[in-house]
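This report refers to the structure that appears directly beneath it.
Laboratory data are not the source of any read-out in this text; all were calculated from the coordinates shown. Predicted, not measured: the structure shown is a model, and the values here were computed from it. FYI the Cβ positions are ideal-geometry reconstructions off the backbone, even for glycines, and counts take in every protein chain you see.
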Amino acid sequence: MYDDIKVVHIDEPFKIKDLPLKDVYVIDDYLCPELHHHFDDQIVRENIWSKTNQVSSGSPTGLPHHSFWGATYYRDDMKPEKDMNSLHTMFPYYLNRRLQTEFGFKWVRFQYMGLNSQTQGLQGTTHADCQDEDSWNLSFLYYTNKFWNKDWGGTLRLYNEMQQGLDGRQEHIDNHQIAEVEFKPNRLIIFDGRIPHGADAPSPSARYIDRRSLVLRGDEVRLVEEEEFFHANDRISHI
C-alpha cells in the first residue's frame, strides 16, 4: 500500500486538494528564527514534561513498546490538558491555526497535540498515528531543537508494514523501510498518519541532548477554501 511513497521537499505550504496524501512533504526553516527559538526556549525551561508518551504493547506485564518524555497540550476534546495554562498553550494554539490556514483544512476529528523528547537509548518503535479506515487524516511533525549535529542521528523512518516492539528492529529496517527523513531543526513534516513510522533515538555521541518534536494529528479533516478562515461569522470550534 505504501511502497511508492516519496519524500518531497517543498519551499512553502500548499493548499491540500486531495486526501489521503500520496507522499511525505518536508518544509525546512518553516518558522522564522525568532518564533522557532522562542518556542524551543519555552519548552526547555518549562516544567511540563513527564515520562508518559508511550506506544502500548498489550503485554500482560503492562510494559509499553516504547516510552518517551512527553507533554500533552490538547486531546480529542480540544480542551487544554489540566496542567497547561494559557502561557503554555499560546504558541501551540497559534501553530495549529497557522497550519490549518496555510494547508487549507479544519479538524473534524481532532486527536492529539503534544511534545516528544528522546535521549539516547529511547528508540521509537514502529507505530501508526491513525487507523486504516481514517483515510482523511493528517499528521504533522515539527522539530523544535535550535541546534542538531548530523552525527547525533534521530532519523524518522517510514515502513510499509507494522512491527511489534524492538526485537528484530534492524531486520525490519532492512526489509520494510520505504523512506526516511533526517532530523533537522525547524523542519516541518506532513504525512498520512496511517503510514507505519518510528523515530531513532539520538546516538551516544549526543550525550544528554534530547531530540524534541511537536506532534499534531487528527483522524479526520475537511478541506476548505481560504476565505472560510476570514469569514466574519466564523466561530472558532477547534483549538
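Okay, here's what the table says:
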read-out	value
Across K79/K184; K6/K82; K6/K79; K17/K51; K79/K150, pairs whose alpha-carbon gap is larger than 32 Å	K6/K82; K6/K79; K17/K51; K79/K150
Volume per residue that the Cα convex hull of the chain spans, once the total is divided by residue count, Å³	139
Region 7-210, dipole about Cα centre (Lys/Arg Cβ +1, Asp/Glu Cβ -1), debye to the nearest 20	480
Sequence-distant lysines (8 or more away, or on other chains) whose Cα lies within less than 18 Å of K15	K106
Residue-averaged 222 nm ellipticity for the chain, from DSSP H runs of 4+ at -39500 (n - 2.57), nearest 500	-5000 deg cm²/dmol
Length added when fully stretched, H37-L87, from 0.36 nm per residue minus Cα-Cα	16.4 nm
Cα-projected label distance for V44 with E161, points at 7 Å along beta-carbon direction, nm	4.3
Neighbour-count order for M113, M90, M84, M78, fewest beta carbons within 10 angstrom listed first	M90, M78, M84, M113
Whole-angstrom gap from region 154-224 to region 62-117, using each part's C-alpha centre	18
